[in-house]
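Structure record follows, encoded as structure tokens.
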Amino acid sequence: MSVASIRLFVTGPLNPGAEFALPEAQSHYLATVLRAAVDERLRIFDGVSGEFTARITALARKSVRLAVESQTRPQEPAPDCWLCFALLKRTRTDLVVEKATELGVSVIQPIITARTQAERVNLERLASIATEAAEQCERLNVPHIRPPAPLARLMADWPADRPLFVADERRTAGLLGPARGPSALMVGPEGGFTDVELEAIARTPQVTRVSLGHRILRAETASIAGLALHLAAWP
Ligand code: SAH
């Protein structure tokens, strides 16, 4: 990969002319992995200021300095969609975080349900997976990853103004449609939600049960396919 095709998510704010040092991991990536040289240019974004070109002004293995140049893209509005998914085993959770980021979610909320088989996550690792996915797919921000929350607590605190579409594989619900504003998609664990959970979910007024088609999908596929259906038409 050439340095010119690199995009890095950095700590802002980004003002043309400003110079700053990258953290050690990103410095190592540029200096050692990519063998970048002084004066080479790359693109940077911070989640709020848009995207800029930056020039490498100094290069050491553990500290690379960049000078912010001109803006290449202004910050644009991004979909305001949360993905709430029952926590999966590690590699499947990683997959969901990466793909949900590519598909455009704003918040990733792992949930603990009766049949969830994992309870702990390394939030730092998940954040770096999301950051890398955002860097590679031209996003201008990185989704926020929340610590896992029990389903009951999430439902009790559900915001009044955010519609929640709950993926229900029992063939009785209508197909999930495109998001028209702030929304959230919720996907159950490998074994599905229990009846008790589905009843509790259904009592929340913001909830609409939705289908993702006639085939029963594995949980990670349901998150990915559901977000594709829901967010593809978002401008
Ligand atoms: N009930 C099944 C399958 C669970 S699938 C079992 O006993 O194993 C895991 C999760 O993916 C479900 O909780 C649901 O949220 C979602 N899901 C899978 N296929 C779906 C479909 N066709 N429509 C809606 N949701 C689906």
**Fill in**
A careful count of residues in the range 184-223 that are near the ligand (Cβ under 7 Å from one of its atoms), β-branched (V, I, T) and open to solvent by 20 Å² or more (accessible area, probe 1.4 Å) gives 1
**Fill in**
Per the filter on the range 203-235, residues in contact (Cβ under 8 Å) with a residue 12 or more places away in the chain and in a helix (DSSP H, G or I) are A219, E220, A222, S223, I224, A225, G226, L227, A228, L229, H230, L231
**Message:** Checking the structure you have, find out if any residue of the range 111-127 is at pLDDT 95 or above and at positive phi.
**Reply:** no
**Request:** Report whether or not E138 is without any contact (Cβ under 8 Å) to a residue 40 or more places away in the chain, acidic (D, E) and exposed (fewer than 15 other Cβ atoms within 10 Å of the Cβ).
**Result:** no
**Message:** Any residue at all in the range 148-161 that's assigned by TED's automatic domain parsing to the domain that holds L87, within 18 Å of the chain's Cα centre (by Cα), away from the ligand (no atom under 16 Å from the Cβ) and surrounded by 13 or more Cβ atoms within 10 Å (Cβ to Cβ)?
**Reply:** yes
**Item:** Pairs, first over 15 Å from P110 (Cα atoms) in the range 144-170, second aromatic (F, W, Y) and outside any loop (DSSP other than H, G, I, E, B), C-beta under 8 Å, six or more apart
**Value:** R162/W82
**Request:** Identify, from the list T53, T32, T11, the residue that is among the hydroxyl-bearing types (S, T, Y), assigned to a helix (DSSP H, G or I) and not assigned by TED's automatic domain parsing to the domain that holds A114.
**Result:** T32
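Sort out for me the strands (runs of 3 or more DSSP E) sitting completely within the range 61-162 that have 3 or more residues that are more than 26 Å from A232 (Cα to Cα) and among the aliphatic types (A, V, I, L, M).
In the range 61-162, the matching strands (runs of 3 or more DSSP E) lie at 64-73.
The values are calculated or read from the model by the stated rules, or taken from the named source; none is laboratory data. Remember, predicted model here, so these are calculated numbers, not experimental data. We place every Cβ from the backbone using ideal geometry, glycine too, and count neighbours over all the protein chains shown. For accessibility, only protein heavy atoms count, side chains too; no ligands or nucleic acids. Shrake-Rupley method; radii C 1.70, N 1.55, O 1.52, S 1.80 Å.
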